[in-house]
Amino acid sequence: MAFLDHVLQEPSYGWQDEKGELIKPTNGQIVKEFFTRLNIFQDRKRWLSVFSWGQVLCLLPFFLLFVFKYFNWWLLAAGFVYSMIIMGTHGTIWYHRYGTHKAYKFKNKFWRFITQNLTIKVVPEETYIVSHQVHHAKSDQPGDPYNANAGFLYCFLADVNHQPIAKDLSPEDYQRAVALMDHTGVKPNSYEQYLKWGSIANPARTLVHWLLNWSFWYGVFYLVGGHALAVTLFGSAFFWAVGVRTFNFEGHGKGKDKRQEGVDFNWDDMSINQYWPGYVAGEWHNNHHLFPRSARSGFMPYQLDLAWCYVKLLSMIGGVSEYRDSKKQFYEEYLLPYREAKKAGKTVSSATIIK
């Protein structure tokens, strides 16, 4: 736990006060922190945050071209499917279940590479994976990099303000941070390079990967539907890149307890199961917090899990060598005891069904 206490760069306003309570900065403080951390001229170690939002800004012209030049209802539908379902599901498959939680293993590097680049690349692995480990260890507590209790902007700008790794890790702690990502194929900086760039990822390799990924997908989309389709799908990626930054605020009840008996069975934090992210991206968030290392989080019959469908398909064709599926454990330890207690007429809540 000590390592996760300091692996992320603490914001200037801090994580907690002297009493151990969450510091809730003002919107002004959050915005000031955001622009300070994007000042690469003051410190080149901020390059990854600049690169992350630079990708978003590069997608904006595509979005505007779609709106003012190529707009039609068929293209709008294509953009909706690509951004909400395909990119949303890919985020769950790659960054969440594999990158952070190692919920499944690829048979070889080929299938890992295909999965990594299955969509337009917008999110650097380092930004997501290391901070998400901290999120699970400190969910809804001080130090959670996207703590919904601190408000919308605290979560929305977290990738710059709270998610970058610390710039002064010891050699031992740096290697621990690298180990959190070694299965993703991202080649890490040496410790000396880390001291220079302040990141695990190398700027040159990251830039080349981004350019190759975008060039490939623009070419594919152009061959299928010309500039109109390519511009539309890249424009829809802008919509997803902005929208995904709102998820953890929504997924943790906007800082309020919105958990429902018989729907949400994890009562250790404020995560909730929601239909929209569940159906379009396989992100049944309360289930995921209950069994974070499961390759499936859609446990109930109505909980469609497209991310799980992809993992299962790859397993069937030999691309995935092993995976964890906690559905049976969920039924045995939570759902069935809850149903039996309700059937017996006992006063019971999901929170009491903990083995």
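Assorted remarks:
- Hey, residue 208 modelled with pLDDT of 95 or more, of a type outside the set (Asp, Glu), assigned to a helix (DSSP H, G or I) and over 29 Å from residue 271 (Cβ atoms) or not: yes
- One residue stands out in region 304-324 among those that are free of Cβ contacts under 8 Å to residues at least 40 places away in the same chain and surrounded by 19 or more Cβ atoms within 10 Å (Cβ to Cβ): the one that is nearest to residue 278 (Cα to Cα), namely 305.
- Test for residue 206: is it under 25 Å from residue 160 (Cβ atoms), in contact with a helix residue (DSSP H, G or I) (Cβ under 8 Å, 6 or more places away or on another chain) and not basic (Lys, Arg): yes
- If only residues of region 177-190 that are surrounded by 15 or more Cβ atoms within 10 Å (Cβ to Cβ) and part of a helix (DSSP H, G or I) are counted, the one that is nearest to the chain's Cα centre (by Cα) is 184.
Here is a yes/no grid of residues against (1) among the charged types (D, E, K, R); (2) out of contact with any Lys or Arg (no Cβ under 9 Å at 6 or more places or on another chain):
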site	(1), (2)
7	no, no
11	no, no
17	yes, yes
23	no, yes
33	yes, yes
40	no, no
44	yes, no
47	no, yes
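- Checklist (1) of a type in the set (Gly, Ala, Ser); (2) without any contact (Cβ under 8 Å) to a residue 60 or more places away in the chain; (3) in contact with a strand residue (DSSP E or B) (Cβ under 8 Å, 6 or more places away or on another chain) applied to residue 199, failing item: (2)
- Hey, residue 310 part of a helix (DSSP H, G or I), touching a helix residue (DSSP H, G or I) at 6+ places or on another chain (Cβ under 6 Å) and farther than 21 Å from residue 132 by Cα or not: yes
- Filtering region 226-259 to residues that are farther than 15 Å from residue 120 by Cβ and either without any contact (Cβ under 8 Å) to a residue 24 or more places away in the chain or hydroxyl-bearing (Ser, Thr, Tyr) (or both) leaves 226, 246, 256, 257, 258.
- Exactly one residue among 173, 140 is closer than 30 Å to residue 21 by Cβ, part of a loop (DSSP other than H, G, I, E, B) and of a type in the set (Asp, Glu), and that residue is 140.
- Enumeration of residues in region 215-239 that are modelled with pLDDT of 95 or more, of a type outside the set (A, V, I, L, M) and closer than 13 Å to residue 83 by Cα: 232, 234, 235, 236, 238
- When region 41-59 is filtered for residues that are farther than 12 Å from residue 122 by Cα and loosely packed, with under 14 Cβ neighbours inside 10 Å, the ones remaining, listed by number, are 41, 42, 43, 44.
- Residues satisfying the stated conditions in region 261-280, i.e. touching a residue at least 24 places away in the same chain (Cβ under 8 Å), of a type outside the set (Ser, Thr, Tyr) and farther than 14 Å from residue 302 by Cβ: 261, 264, 265, 266, 267, 268, 269, 270, 277, 280
- Elements of the type helices (runs of 4 or more DSSP H) sitting completely within region 1-114 and holding at least 3 residues that are under 30 Å from residue 185 (Cα atoms) and touching a residue at least 24 places away in the same chain (Cβ under 8 Å): these cover 2-6, 47-65.
- Residue in region 151-161 that is out of contact with any Gly (no Cβ under 7 Å at 6 or more places or on another chain), closer than 14 Å to residue 11 by Cα and either outside any helix (DSSP H, G or I) or among the aromatic types (Phe, Trp, Tyr) (or both) present: yes
- The set of residues in region 60-107 being in contact with a His (Cβ under 7 Å, 6 or more places away or on another chain) and crowded, with 16+ Cβ neighbours inside 10 Å consists of 100 alone.
- Residues within region 281-303 that are part of a loop (DSSP other than H, G, I, E, B) and either within 25 Å of residue 151 (Cα to Cα) or in contact (Cβ under 8 Å) with a residue 12 or more places away in the chain (or both), tallied: 14
The values are calculated or read from the model by the stated rules, or taken from the named source; none is laboratory data. Just so you know, these numbers come straight off a predicted model, no measurement behind them. Heads up, the Cβs are rebuilt from the backbone with ideal geometry, glycines too, and the neighbour counts pull from every protein chain shown.
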